[in-house]
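Chemist: Submitted below is the structure of interest, expressed as structure tokens.
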Amino acid sequence: MIETPHARRGMVTSPHHLASQAGLQILKDGGTAVEAAIAVAAALAVVYPHMTGIGGDGFWLIAEPGKPPVSIDACGRSGAAVDLAYYAKHGCTVIPNRGPLAANTVAGTVSGWQKSLDATRHWQAPLTREQPLETAIAYAEDGIVVTRSQAELTAAKAPELAGQPNFAATFMPGGQAPKEGDLLRLPALAQTLKRLAADGFDTFYKGKLADDIAADLAATGAPITAADLQRHSASERPPLSTRLHHACLYNMAPPTQGLSSLMILALFDRLGVTAGEGFDHIHGLVEATKQAFIVRDEHVGDPDHMTADPASFLDSALLDRLAARIDRNHALPWPHVAKPGDTIWLGVIDGQGRSVSFIQSVYFEFGSGVVLPQTGICWQNRGSSFRLAEGGWNALKPNRKPFHTLNPAMAIFDDGRRMVYGTMGGEGQPQTQSAVFSRYGLFGMPLQQAVSAPRWLLGKTWGDASVTLKLEDRFAPELVAQLKAAGHEVEVLEGYSSTMGHAGAIVLHPNGVLDGATDPRSDGAVAAW
């Protein structure tokens, strides 16, 4: 069993060990948790390119001691010319998942880097802009060592990615998917990171770099224009929150599914389950998930176009009524429309107790598959989730934010502990958050064990077709039998399956001690000092 690591001066966790070390170096250099998070995010864009990149979106929760967190929404909108007529002209009845027509929203994550720095400028004198990007630049120039997950996913997705603009030239040297342990250089991306360091993060949207990005997008046939880039900005706003009996939980507001993550744990808390890992625990969380997803699928989307206040679904009386709908012994018939995605989550707490929960994504693995030749940026396909419909949930309109599975989480306990936690995994993100938090926060499981323990997934992710209740095979056979008997359509997967996401967490205790956890399903590590 992996023990929970402890430290005092600062801690980073992410799904790649080199990226965690990049963040730790920033903390050692005197940087803040935000500056360290940018270093981790930039490094992950290089060493974990199948999962994330600067061509995607990002969401932040940031907190300092004694204050509630603030959130940064760095989600890009669809282009001004991206409408139903645009796709009709291209003969599309649905938005493609890959290719230039899938690259239909602005990539917002770099704007979030700047916005997070602006929001925390009062903390202390900042490092130079170059420092958080140095490690990422070095890896892009010198070459990354391809991980098993990158090798396997590149090979598996090659039929749909190899023909996309500049993809094979960037990620499949010689026309073949790289093997685990191969060296892969990303020189164009290195130059882009250097330009961001020299000219500022805003140049991604307004400046010579933005001009090159827009020219490349146009050359590939993608609909995002220079004007769309110039129009974009990240925003700071209050997060959503809900109260459990011993802690306050925080998460992102729409267009993310953060509401679902909060609702699941708030509903489960009302069930009064007193012990973890048994039927009441797993069944209760799965049934709470169903109630939360029913609300999510009907209401959550671009906040500018929602008909209901998302905070209203966290009203105590409404949560009481929804919890009362949960049958403690039988499964609610399912399925529902699932929402896939590939992502990274990272967490940082610095030596002054300032904390970051951050998530960054290009949606599917390698996003749209479109790699911009001048800049090496792999553009997201988040806008492929839009529905080609006149109205209703997540309907495509110009200048609209798409629904996001991304949702970084944070908790402040009544006893003074502060926790950042999260995961990648699309549809599974709220479910994995509920597993990790309930195990640690409700039932006292050690933090690393709470992340490593067997997990479940209701629905699908990572391109799976089934909408079953998936369980890792490390659950006790008698528990699996109980869940089947209760009416759950159970599918058993191998242990430590990547289908269950790549989670992590850091807890700051009142005495200053930090606990960290990383997911054995990933290539990650906790880095601390």
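The values are calculated or read from the model by the stated rules, or taken from the named source; none is laboratory data. Just so we're clear, the structure is a prediction, and the values are computed from it rather than from any experiment. Cβ placement follows ideal geometry from the backbone for every residue including glycine, while neighbour counts extend to all protein chains displayed. Ligands, DNA and RNA are excluded from the accessible area calculation, which covers all protein heavy atoms including side chains. Shrake-Rupley method; radii C 1.70, N 1.55, O 1.52, S 1.80 Å.
Chemist: Using only alpha carbon pairs under 8 Å that are at least six residues apart, calculate the relative contact order of segment 417-459 and give it in whole percent. It would help to have the intermediate numbers written out before the result.
Modeler: Working: 27 pairs, mean separation 16.8, N = 43.
Normalised by residue count, the contact order of segment 417-459 is 39 percent.
Chemist: Regarding segment 119-256, what are the three Cα extents along the principal axes, ordered largest first, in Å?
Modeler: In descending order, the Cα extents are 54, 42, 33 Å.
Chemist: Determine the relative contact order of the chain: mean sequence separation of Cα pairs under 8 Å and six or more apart, normalised by residue count, in whole percent. Provide the component values of the computation, followed by the final result.
Modeler: On the way: 1296 pairs, mean separation 132.3, N = 529.
After rounding, I find 25 percent.
Chemist: To one decimal place, what orientation-averaged projected area in nm² is obtained for the convex hull of the Cα set of segment 370-529?
Modeler: Values: hull surface 56.0 nm².
The number I arrive at for segment 370-529 is 14.0 nm².
Chemist: Next up: Amide H neighbours of residue 182 under 5 Å, counting only residues 5+ apart in sequence or on other chains, H built in-plane at 1.01 Å?
Modeler: Hits under the 5 Å cutoff: 146.
Chemist: Can you tell which of 332, 87, 5 lies farthest toward the positive end of the dipole of the chain, using +1 and -1 charges on the Cβ of basic and acidic side chains (Lys, Arg; Asp, Glu)?
Modeler: Result: 87.
Chemist: In addition: Kindly give Rg over Rh for segment 35-97, based on alpha-carbon atoms, with the Kirkwood expression for the hydrodynamic radius. Before the final figure, lay out the partial values.
Modeler: Details: Rg = 17.5 Å, Rh = 15.1 Å.
A ratio of 1.16.
Chemist: Quick one: compute a quarter of the convex hull surface over the Cα atoms of segment 403-442 and quote it in nm². All intermediate terms of the calculation are to be shown ahead of the outcome.
Modeler: Values: hull surface 11.7 nm².
Seen from a random direction, the Cα hull of segment 403-442 projects 2.9 nm² on average.
Chemist: Right, another one. Treating only the Cβ atoms of Lys and Arg (+1) and Asp and Glu (-1) as charged, compute the dipole magnitude of the chain about its Cα centre; round to the nearest 20 debye. Could the numbers behind the result be given before it?
Modeler: Details: 43 positive and 52 negative charges, 106 e Å.
Once rounded to the nearest 20, the dipole reads 500 debye.
Chemist: What's the longest uninterrupted piece of the chain once you rule out the GluC sites (Glu not before Pro) that are loop residues per DSSP with at most 10 other Cβ within 10 Å? Write down the numbers at each step before the final one.
Modeler: Values: sites that count: 3, 390, 494.
Maximal segment without exposed cleavage sites: 4-389.
Chemist: For 334, 379, give me the order by solvent-accessible area with a 1.4 Å probe, most accessible first, ignoring ligands, DNA and RNA.
Modeler: Numbers: 334 60, 379 0 Å².
From most exposed to least exposed: 334, 379.
Chemist: Take residue 215, project a point 7 Å from its Cα along the Cβ direction, then tell me which residues of segment 100-140 have their backbone nitrogen under 20 Å from it.
Modeler: 107
Chemist: Can you tell me the Rg and the Dmax, both Å, for the Cα atoms in the chain?
Modeler: For the chain, the Cα radius of gyration and maximum Cα-Cα distance read 21.4, 62 Å.
Chemist: For the chain, what does -39500 (n - 2.57) per DSSP helix run (n ≥ 4), summed and divided by total residues, give at 222 nm, in deg cm²/dmol to the nearest 500?
Modeler: On the way: 16 runs with 170 residues, N = 529.
Helix-only estimate at 222 nm: -9500 deg cm²/dmol.
Chemist: Then there's this: From the phi of every residue in segment 349-364, what ³J(HN,Hα) in whole Hz does the Karplus formula 6.51 cos²θ - 1.76 cosθ + 1.60 yield, where θ is phi - 60° and glycine or proline is x?
Modeler: 10, 8, x, 9, x, 7, 10, 9, 10, 9, 9, 9, 8, 10, 6, 5
Chemist: If amide hydrogens are placed 1.01 Å from N in the peptide plane, which non-local residues have theirs closer than 5 Å to the one on residue 491?
Modeler: 469, 470, 471
Chemist: Still on this model: Set the Förster distance to 30 Å, then compute FRET efficiency between residue 306 and residue 248 from the Cβ-Cβ distance, nearest 0.05. Mind dumping the intermediate values first?
Modeler: On the way: r = 24 Å, r/R0 = 0.78.
Step by step, r from the Cβ atoms, then E = 0.80.
Chemist: Provide the net charge surrounding residue 433, with neighbours chosen by a C-beta distance below 13 Å and charges set as Lys +1, Arg +1, Asp -1, Glu -1. Don't skip to the answer; put the middle values down first.
Modeler: Numbers: positive: 439, 455; negative: 427, 519.
Residues close to residue 433 contribute a combined charge of 0.
Chemist: Per residue of segment 52-68, in order, report the coupling 6.51 cos²θ - 1.76 cosθ + 1.60 (Karplus, θ = phi - 60°) as ³J(HN,Hα) in whole Hz, putting x for Gly and Pro.
Modeler: Once θ is set to phi - 60°, the couplings for segment 52-68 become 7, x, 7, x, x, 10, x, 9, 10, 10, 10, 9, 10, x, x, 10, x Hz.
Chemist: Taking amide H positions as placed 1.01 Å from N in the peptide plane, with prolines and chain starts having none, which residues 5 or more places from residue 95, or on another chain, fall under 5 Å of its amide H?
Modeler: Distant-sequence amide H within range of residue 95: 388.
Chemist: Return the Cα extents of segment 1-127 along principal axes one, two and three, sorted largest first, each rounded to a whole Å.
Modeler: 58, 38, 25
Chemist: ³J(HN,Hα) across segment 421-426 via Karplus (A = 6.51, B = -1.76, C = 1.60, θ = phi - 60°), whole Hz, x for Gly/Pro?
Modeler: Listing the rounded values in order: 7, x, 6, 8, x, x Hz.
Chemist: Right, here's the next one. How much length would be gained if the chain were fully extended between residue 332 and residue 138, taking 0.36 nm per residue of separation minus their Cα-Cα distance, in nm to one decimal?
Modeler: 64.7 nm
Chemist: Tell me, what is the per residue accessible area of the chain in Å², probe radius 1.4 Å? Before the final figure, lay out the partial values.
Modeler: Values: 17710 Å² over 529 residues.
That works out to 33 Å² per residue.
Chemist: Report the extension gain between residue 484 and residue 128 in nm, rounded to one decimal, defined as 0.36 nm multiplied by the number of residues separating them, less their alpha carbon distance. Spell out each step's value before the answer.
Modeler: Details: separation 356, 0.36 × 356 = 128.16 nm, distance 5.64 nm.
Contour length minus the Cα-Cα distance gives 122.5 nm.
Chemist: Consider just the alpha-carbon atoms of segment 58-154 and return their Rg together with their Dmax, both in angstrom.
Modeler: Radius of gyration, then largest Cα-Cα span, for segment 58-154: 19.2, 55 Å.
Chemist: How high is the relative contact order of segment 1-115, in percent, with contacts defined as C-alpha pairs under 8 Å that are six or more residues apart?
Modeler: Worked out over segment 1-115, it gives 21 percent.
Chemist: Shifting gears a bit: Would you list which lysines come within 24 Å of residue 28, measuring only between C-alpha atoms, while excluding same-chain residues fewer than 8 positions from it?
Modeler: Within reach: 115, 194.
Chemist: Segment 148-205: percent of C-alpha pairs farther apart than 16 Å? Could the numbers behind the result be given before it?
Modeler: Details: 867 of 1653 pairs.
That fraction is 52 percent.
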